[in-house]
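Peer 1: One structure, pasted below without further comment.
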Amino acid sequence: MLDVYQVESIKNPEVLNISSGSSLQNLQCYSYWPVVFQEEIDRFIDIADTSKSSTIGGVIYERHFIPRRYSFLISKAIIALNSMSNKSIVSEATNLLYIIRDSIIYFGVGYELSYLPALSAFKVDDGSVLIEWIFDDFRIGFSIEPNVDESSWYLVSNEKLGDIGASGYISRNNINNLVLWLINFVIANS
Amino acid sequence: MINIDYPDNCLKGIPNRDFLFGDGTIATHLFYFESEDAREDGWKEQSINWEDDESAIDFTLNQKKDGDLQFKAGIAILPRKAIDRINRSPMVNGVLSYERKRTENNHNPYHGNILLKNDVIKSKMKQIAASLALGVDRRQSKVDREQIT
């Protein structure tokens with residue numbers, strides 16, 4: 001069940017005040033979160049009932065709005081996905097992005113990973129969605145296909161990292177292990 | 001692969017910014033091979049131009065389709081050495097190639113194709129496309145070009 005929050009104000013870059021029902025909560029934020037906030041607020045105000053707020057406006061759904069650490073990695077991709085029409089592919093791709101984000105939260109304990117680049121999502125003419133994560137010396141991609149059994153991933157690197165070329169199919173059974181393995185590679189080589 | 005008849009770079013047109021990251025980096029799907037481009041000789045083709053001379057970049061940037069610029073987001077410049085290196089890797093192992101193929105009426109003397117074997121499965125094709133995108137040396141747009149000249 002989704003909790004509904006109402007934005008009251010952003011008093012400073014570090015603290016966002018939100019209210020749930022009548023109780024006001026302060027949410028401590030990492031210094032880079034507000035950038036994500038603005039994008040997420042912009043998007044969700046569009047779909048929200050703006051009559052509910054006189055300040056910033058809008059009813060925001062928790063899963064999308066309550067920013068978790070590293071949400072900045074996936075926010076642009078999620079915004080791009082939400083402009084696409086094939087809802088089943090969008091749903092698969094969105095879930096994958098949350099798995100990546102949550103795996104980074106889990107795996108990144110003790111690391112400072114705010115330097116990581118954001119993932120991007122692209123609509124492709126063949127009906128698939130490409131989620132890509134690029135670095136100077138390698139890139140990781142996930143292709144979410146109309147036939148979900150054909151969805152695949154890849155990791156490729158340049159000569160500096162040994163011309164790695166790896167790919168495979170994505171399945172619900174292996175996705176968590178796959179993502180953790182890829183994140184391990186990212187942390188080791190970025 | 002020894003290709004003394006080919007220049008150092010090929011030029012891949014970018015139809016629009018849907019093929020770019022926000023910072024202008026090339027996204028992998030620019031280099032996808034499409035099923036409808038499969039040929040009877042066992043290869044799928046994707047069009048490129050060869051940078052045979054100094055005019056090739058301007059020629060490519062000014063190519064038109066239905067009266068409009070065909071490559072509104074510019075071109076990706078891909079060294080031929082990168083294609084060769086990808087093709088030599090164990091996971092690719094010779095399923096890539098390239099050719100020079102001038103268009104009918106010789107309207108485009110620079111035209112050629114990057115080729116991929118027809119029997120390469122889609123997931124592998126996308127991995128290879130990612131390697132090609134990673135191998136891109138730089139992007140050049142018409143605006144960039146005009147500032148240079």
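The values are calculated or read from the model by the stated rules, or taken from the named source; none is laboratory data. What you are looking at is a predicted structure, and each value in this text was computed from that prediction instead of being measured. Don't worry about glycine lacking a Cβ; one is built from the backbone with ideal geometry, like all the others, and counts go over all protein chains shown.
Peer 1: Restricting the search to the range A:124-138, which residues are without any contact (Cβ under 8 Å) to a residue 40 or more places away in the chain and closer than 16 Å to A:Leu96 by Cβ?
Peer 2: Matches in the range A:124-138: A:Val124, A:Ser128, A:Leu130, A:Glu132.
Peer 1: What tally of residues in the range B:106-149 results from selecting those that are within 9 Å of chain A (Cβ to nearest Cβ) and of a type in the set (Lys, Arg)?
Peer 2: Number of matching residues: 3.
Peer 1: Out of the range B:131-149, which residues are assigned to a helix (DSSP H, G or I) and at pLDDT 95 or above? Even if it seems obvious, please write down each step before you answer.
Peer 2: Restricting attention to the range B:131-149, the residues satisfying the condition of being assigned to a helix (DSSP H, G or I) are B:131-135, B:142-148.
Hits for the range B:131-149 are B:Ser131, B:Leu132, B:Ala133, B:Leu134, B:Gly135.
Peer 1: If you take the residues in the range A:127-153 that are among the acidic types (Asp, Glu) and facing chain B (nearest Cβ under 7 Å), which one is surrounded by the fewest Cβ atoms within 10 Å (Cβ to Cβ)? First the steps, then the outcome.
Peer 2: Initially, the range A:127-153 is screened for residues among the acidic types (Asp, Glu), giving A:132, A:136-137, A:145, A:149-150.
Narrowing further to those that are facing chain B (nearest Cβ under 7 Å): A:132, A:150.
On the way: A:Glu132: 22, A:Glu150: 15.
Looking at the filtered set, the residue picked out is A:Glu150.
Peer 1: Taking the criterion of being among the acidic types (Asp, Glu) and either in contact with a helix residue (DSSP H, G or I) (Cβ under 6 Å, 6 or more places away or on another chain) or at positive phi (or both), would at least one residue in the range A:151-164 satisfy it? Spell out how you get there, then give the answer.
Peer 2: Pass one, the range A:151-164, residues among the acidic types (Asp, Glu): A:159, A:163.
Filter once more, keeping what is either in contact with a helix residue (DSSP H, G or I) (Cβ under 6 Å, 6 or more places away or on another chain) or at positive phi (or both): A:163.
Looking through the range A:151-164, at least one residue is among the acidic types (Asp, Glu) and either in contact with a helix residue (DSSP H, G or I) (Cβ under 6 Å, 6 or more places away or on another chain) or at positive phi (or both).
Peer 1: Scan the range B:106-130 for residues that are assigned to a helix (DSSP H, G or I) and farther than 17 Å from B:Gly13 by Cα and jot them down. It would help to see each step written out before you state the result.
Peer 2: The first filter runs over the range B:106-130 and keeps only residues assigned to a helix (DSSP H, G or I), leaving B:106, B:122-130.
Scanning the range B:106-130 gives B:Asn106, B:Lys122, B:Ser123, B:Lys124, B:Met125, B:Lys126, B:Gln127, B:Ile128.
Peer 1: Return the pairs, sorted by first residue and then second, in which the second residue is loosely packed, with under 14 Cβ neighbours inside 10 Å and at pLDDT below 90, the first residue lies in the range A:81-103 and is of a type in the set (Ser, Thr, Tyr), the beta carbons are less than 9 Å apart, and the residues are 6+ apart or on different chains.
Peer 2: Between residues of the range A:81-103 that are of a type in the set (Ser, Thr, Tyr) and residues that are loosely packed, with under 14 Cβ neighbours inside 10 Å and at pLDDT below 90, the close pairs are A:Tyr98/A:Arg63.
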